[in-house]
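Structure record follows, encoded as structure tokens.
Every number here is computed from the coordinates shown, using simple stated rules; none is lab data. Values in this document were obtained by computation on a predicted structure and should not be read as measured data. Note that we place each Cβ from the backbone using ideal geometry, even for glycine, and neighbour counts take in every protein chain shown.
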Amino acid sequence: MNGNGQNEIKVDVHQLAEGWVMIGIDKAPPNETRPSYWVNQALIDWLRQNPTYRVRCTAPIVASGETVAIHVWY
């Protein structure tokens, strides 16, 4: 829990190879119902931090109907 009494969600960006990252939830509370929202927010943040990169292809990782990670090639 964070200082506000809310559960924290940790989303990581892993560089898998040159031009390829995976953005995914590392830890989330068991009652989290919107993991795809947090993956999307992390992707947006990553793109803002890397404005010269152009996304060429993506592939989602889905669990129980929700996107929990995404592969991004740039």
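What 222 nm value per residue comes from the helices of the chain, counting each DSSP H run with n ≥ 4 as -39,500 (n - 2.57) and dividing by all residues, nearest 500 deg cm²/dmol? Show your work: numbers first, answer last.
Values: 1 runs with 15 residues, N = 74.
About -6500 deg cm²/dmol.
Express the relative contact order of the chain as a whole percentage, based on alpha carbon pairs under 8 Å and six or more residues apart in sequence. Mind dumping the intermediate values first?
Values: 111 pairs, mean separation 22.7, N = 74.
Answer for the chain is 31 percent.
From the C-alpha gyration tensor of the range 10-73, pull out the three semi-axes of the equivalent ellipsoid (sqrt of 5λ each), sorted largest to smallest, in whole Å. If you can, show how the numbers build up before the last one.
Working: eigenvalues 88, 28, 20 Å².
The equivalent ellipsoid of the range 10-73 has semi-axes of 21, 12, 10 Å.
What residue among N31, N40, N50 shows peak mean-square fluctuation when the chain is described by a Gaussian network model with Cα springs under 10 Å?
The residue with the greatest mean-square fluctuation here is N31.
Residue separation times 0.36 nm, minus the C-alpha to C-alpha distance between T33 and A17: what's the value? Kindly include the intermediate steps, with their values, before the conclusion.
Details: separation 16, 0.36 × 16 = 5.76 nm, distance 3.05 nm.
Taking 0.36 nm per residue and subtracting the Cα distance, the gain is 2.7 nm.
With the crude spin-label approximation of a point 7 Å out along Cα→Cβ, what separation in nm comes out for I61 versus K10?
Placing both labels 7 Å along Cα→Cβ, they lie 1.5 nm apart.
What does the charge count around K10 come to, taking other residues whose C-beta lies under 10 Å from its C-beta (Lys +1, Arg +1, Asp -1, Glu -1)? Numbers along the way, then the final one.
Values: positive: K27; negative: E8, D12, D26.
So the environment of K10 carries a net charge of -2.
Relative to the Cα centre, what is the charge dipole magnitude of the chain, using +1 at the beta carbon of each Lys and Arg, -1 at the beta carbon of each Asp and Glu, and rounding to the nearest 20 debye? Kindly include the intermediate steps, with their values, before the conclusion.
Working: 6 positive and 7 negative charges, 42 e Å.
Using Cβ point charges on Lys, Arg, Asp and Glu, the chain gives about 200 debye.
May I ask you to evaluate 6.51 cos²θ - 1.76 cosθ + 1.60, the Karplus curve with θ = phi - 60°, for each residue of the range 39-56 and list the ³J(HN,Hα) values in order in whole Hz, giving x for glycine and proline?
Values, residue by residue: 5, 4, 4, 5, 4, 4, 4, 5, 5, 5, 6, 10, x, 7, 7, 10, 5, 9 Hz.
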